[in-house]
Amino acid sequence: GSWSFEAGPPGGPSRRYVLQQEMVPPDPATPPEERPLGMAAQAAIIDAAAGQGVPVARAVASGERDGLGFLISEFADGEALPPRMLRDPTLEQARAGLTDDAAAALAGIHRIDPAGSGLLAQDKLALYRRRLDQMDEPRPVLELGYRWLEQNRPALRRSVVVHGDFRLGNLLVGPEGLRAVLDWELAHIGDPHEDVAWATIRAWRFDRHRPPGVFPEPEGWAAAYDRATGGATLDPETLRWWQVAGTWFWAVMSAMQARRHLSGMVRSMEHAVIGRRVCESEWDLLELLP
């Protein structure tokens, strides 16, 4: 859960902060590379990103209380909700520059030293294959998608720190542009194409609200990332594989959230609604497969 609060010295000015608190302790049976990033590790990677010039809400404190991790960060003001951000007339300048702002931020994340990050490598295809099997539901489209992904998996050419959820919704903007990259719990070591592609899958494009030319137009976004990294390295076929993979991941994740609600593990209208959208991702997957 997340809460905002104000605090300050006695008699002095107060400042606004955000508290993020784990609601359940990590499952010790889950391998470390498959767990969301702990709060202390999130604080460390946020600091590392800030050191590379990435706009972030700086971590103030992190730790554990009663077996549950917590992170306190500075409050960053702005708009992250995509339908509002993409419509608000006061954010027109921010929208115009968001592709370049996002590219610069992502390039900074990918410059963080993987060896010193404390993060683990993650095979997301294998991870979500296991999650799909555990649900034991007939999902022929997802089986077809997995077969193509497994048969066409590209070689890993370069390992970087991957944000893991870099997209509209996790980018906080103000009138002047990007103010903070949010939500670091999925950070890991992986392929830079993963982050670039994830932002472009249909679930995160919000096409009904997004004006033409605004982030993330896939071709313009990839070109902006190449410029920000000094012509780094995006391979079109690898990028396409990760677009298919991201669509497949989101379909499995949506089905997982539906299962949590239907099983009674977590009674959540949000999980139920997301679960009903599995079919949309399956349709997107069929359109992407050759």
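The values are calculated or read from the model by the stated rules, or taken from the named source; none is laboratory data. If you're wondering where the values come from, they're calculated on a predicted model, not measured in any experiment. Heads up, the Cβs are rebuilt from the backbone with ideal geometry, glycines too, and the neighbour counts pull from every protein chain shown. Note: accessible area is taken over every heavy atom of the protein model, side chains too, but ligands, DNA and RNA are not part of it. Shrake-Rupley method; radii C 1.70, N 1.55, O 1.52, S 1.80 Å.
Key figures for this structure:
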read-out: Probe 1.4 Å, accessible area per residue of the chain, Å²; value: 51
read-out: C-alpha center-to-center spacing [segment 47-123, segment 166-192] in angstrom; value: 4
read-out: Inter-label distance, nm, simple model (7 Å from Cα along the C-beta direction), Glu6/Asp235; value: 5.4
read-out: Local net charge near Gln20, Cβ-Cβ under 11 Å (Lys/Arg +1, Asp/Glu -1); value: -3
read-out: Carbon and sulfur %, accessible surface of the chain computed with the full protein complex present, 1.4 Å; value: 53
read-out: Beta bridge orientation in the chain: antiparallel %, DSSP, nearest 5; value: 95
read-out: Structure-based [θ]222 nm, the chain - -39500 (n - 2.57) summed over DSSP H runs of at least 4, per residue, nearest 500; value: -13500 deg cm²/dmol
read-out: Relative contact order (percent, whole number), segment 112-243, Cα cutoff 8 Å, 6+ residue spacing; value: 26
read-out: Cα-only radius of gyration and Dmax that characterise segment 72-200, units Å; value: 17.3, 48
